[in-house]
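Chemist: Would you mind keeping the following structure in view while I ask a few things?
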Amino acid sequence: MKIKNRIVEDLVFKSYLEEIMSKKKYLKMNRYTQHGNTSCLLHSIAVAYFSYRLCKLLKLKVHEKELIRGALLHDYFLYDWHAKYKPTKDLGLHGRIHPTIALFNARRDYNVNRIEADIISKHMFPLTFHPPKYKESVVVCIVDKFCSIYEIFSKKAYIEIAQKLADTKKTRRTIAKRINLYN
């Protein structure tokens, strides 16, 4: 019974992943390194997946769609924050400003609701001064920190997760071919 539930849960996750990844602009996140050897795209997928799995493990009653979509879009800032010139140069520290830029981009390209907006704009708390308002936002904020630490200290990217999620033709094509994940 647990295996069957896990398969269904992964299908739910994949459906939201494919919805977000259907826009080519989202795939630009793969051009930018987030931490270590991990792209912003792969980081966002990992944060979304582990946030979703943590809620299932703890049996938290959350808005799954908002949790997954908000986590997938939390770092949708679309620039190289490691470069000398970047959009945040005159605005301040990347860690403080990128949630606002990500929210702007997400609202421009997707229909973002209040929970998703809170997840995106507050995922850097306490670096940003406003605490998360929803439990979905708290989960993503915590999981984002753990994923970031893993990415900084690990030589491996999230290849295993991507392979697991890439068992539908559309997802496999999107992740493996268009993103060149397995380089």
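The values are calculated or read from the model by the stated rules, or taken from the named source; none is laboratory data. Computed from a predicted model, the values in this text were never measured in an experiment. Cβ: placed from backbone, ideal geometry, glycine included. Neighbour counts: every protein chain shown.
Chemist: Please specify each residue of the range 114-137 satisfying the condition of being surrounded by fewer than 24 Cβ atoms within 10 Å (Cβ to Cβ) and either in contact (Cβ under 8 Å) with a residue 60 or more places away in the chain or over 17 Å from R96 (Cα atoms) (or both).
Modeler: R114, I115, K133, Y134, K135
Chemist: Looking at (1) surrounded by fewer than 16 Cβ atoms within 10 Å (Cβ to Cβ); (2) part of a helix (DSSP H, G or I); (3) at pLDDT 90 or above, which is the one condition that is false for K61?
Modeler: (2)
Chemist: For the range 144-167, indicate whether the set of residues that are farther than 15 Å from L42 by Cβ and modelled with pLDDT under 60 is non-empty.
Modeler: yes
Chemist: Quick check on the range 121-135. Is at least one of its residues over 19 Å from F13 (Cβ atoms), modelled with pLDDT of 95 or more and within 16 Å of the chain's Cα centre (by Cα)?
Modeler: Yes, the conditions are met somewhere in the range 121-135.
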